[in-house]
1. I want to confirm something. Restricting to the range 1-32 and keeping residues that are at pLDDT 90 or above and touching a Phe, Trp or Tyr at 6+ places or on another chain (Cβ under 9 Å), which single residue is farthest from Pro79 (Cα to Cα)?
2. Check Lys170 against each of (1) open to solvent by less than 50 Å² (accessible area, probe 1.4 Å); (2) closer than 23 Å to Val113 by Cα and name the one condition it does not meet.
3. Consider Phe163 carefully, then state whether it is among the aromatic types (Phe, Trp, Tyr) and buried (at least 21 other Cβ atoms within 10 Å of the Cβ).
4. Could you run through the range 222-281 and say how many residues are surrounded by fewer than 20 Cβ atoms within 10 Å (Cβ to Cβ) and more than 23 Å from Leu20 (Cα to Cα)?
5. Restricting to the range 208-221, and then to whatever is of a type in the set (S, T, N, Q) and buried (at least 17 other Cβ atoms within 10 Å of the Cβ), can you tell me which residue is modelled with the lowest pLDDT?
6. Any residue that is in contact (Cβ under 8 Å) with a residue 12 or more places away in the chain and polar (S, T, N, Q) - is there at least one of those in the range 229-245?
7. For Ala248, state whether it is small (Gly, Ala, Ser), closer than 27 Å to Pro178 by Cα and touching a residue at least 60 places away in the same chain (Cβ under 8 Å).
8. Is it the case that some residue within the range 66-77 is open to solvent by less than 10 Å² (accessible area, probe 1.4 Å) and either among the basic types (Lys, Arg) or touching a residue at least 60 places away in the same chain (Cβ under 8 Å) (or both)?
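The values are calculated or read from the model by the stated rules, or taken from the named source; none is laboratory data. Source: prediction; values computed, not measured. Positions of Cβ are generated from backbone atoms using ideal geometry, with glycine treated the same way; all protein chains shown enter the neighbour counts. These accessible areas exclude ligands, DNA and RNA; they are computed on the full protein's heavy atoms, side chains included. Shrake-Rupley method; radii C 1.70, N 1.55, O 1.52, S 1.80 Å.
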Amino acid sequence: MNCRGKSITFGERTRIMGILNVTPDSFSDGGRYLDANRAIAYAHQMIEDGADIIDIGGESSRPGALPVSTDEELARVLPVIEALANGAETLLSIDTYKPVVARSALQAGANIVNDITALSDVDMAGVVAEMNAGLILMHMKGVPRTMQRSPVYRDLIPEVLAFLRQRVDKAQAKGVCPDRIMIDPGIGFGKTAEHNLEILRSLDAFRSLDKPILIGTSRKSFIGKILNLPKPDDRLEGTAATVAWAIAHGADVVRVHDVKAMCQIAQMTDAIHRHTDLNPP
């Protein structure tokens, strides 16, 4: 996948996407990196720890979150993207559903648009195509403010697959290069704990879309529910189990908070699952 001058290869090993929330209210690290200098320093640490992609978001998508204005979102993310784009080989992703934010972020140096609404705004595909950017299409039932209020599906996996297939077709019809599209089943976005487990059990089914698969389970509430861990920071081991399982069942990219630990999890799982070359110390 070549995205605005930077490329990434899938299949040879699992790729690590580090989460950088430049927000006051994200579910796990809200407020920690709202200051641009702290955010930039943390991004450099994630790169040193092995992140292949840094996913930068200026609007929380946690359950119950309210939207923020375009101006506020841009004020949060652009200084960080501009600073990281200078000299960094790591790809930068902008986590937004707003075409105006996506365009400005790509112009500032981002390479990928991570759209949790999967082109709910029809103009987003045009921006991505015009800018030769990568695109992540995620399934979400509802909107962040209300998505966890008793989500119901008649047949979960076929419904999520059909949605993603339709959005992939839509993106390609609008000119997005097929080789620049990733898919994300949307763990925790309009899903119960059992729904999330069912998606993880059924990851192989998403191979039918013939796109790299991104999975984001890091510190999410279904892990806390299963392990009785109300604090997101306590969910490292639970996250590790979901990351290893996802890699073994087809995930190409894992989106995580704890980059260093999850790089080790991925490297070990790849050695088993992908038969990667061993790299002893």
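1. My answer is Met1.
2. Tallying (1) open to solvent by less than 50 Å² (accessible area, probe 1.4 Å); (2) closer than 23 Å to Val113 by Cα, Lys170 fails exactly one: (1).
3. Details: among the aromatic types (Phe, Trp, Tyr): yes; buried (at least 21 other Cβ atoms within 10 Å of the Cβ): no.
It is false that Phe163 is among the aromatic types (Phe, Trp, Tyr) and buried (at least 21 other Cβ atoms within 10 Å of the Cβ).
4. Count: 21.
5. As a first pass, look at the range 208-221 and keep what is of a type in the set (S, T, N, Q): 208, 217-218, 221.
Pick out the ones that are also buried (at least 17 other Cβ atoms within 10 Å of the Cβ) and you get 217-218, 221.
Values: Thr217: 97, Ser218: 96, Ser221: 93.
Among those that are of a type in the set (S, T, N, Q) and buried (at least 17 other Cβ atoms within 10 Å of the Cβ), it is Ser221.
6. At the first step, the residues of the range 229-245 found to be in contact (Cβ under 8 Å) with a residue 12 or more places away in the chain are 232-233, 235-236, 238-240, 242-245.
The next check asks that each one be polar (S, T, N, Q); those that pass are 239, 242.
Yes, the range 229-245 contains a residue that is in contact (Cβ under 8 Å) with a residue 12 or more places away in the chain and polar (S, T, N, Q).
7. no
8. First, pick out the residues of the range 66-77 that are open to solvent by less than 10 Å² (accessible area, probe 1.4 Å): 73, 77.
With either among the basic types (Lys, Arg) or touching a residue at least 60 places away in the same chain (Cβ under 8 Å) (or both) added as a condition, the list becomes none.
Within the range 66-77, not a single residue is open to solvent by less than 10 Å² (accessible area, probe 1.4 Å) and either among the basic types (Lys, Arg) or touching a residue at least 60 places away in the same chain (Cβ under 8 Å) (or both).
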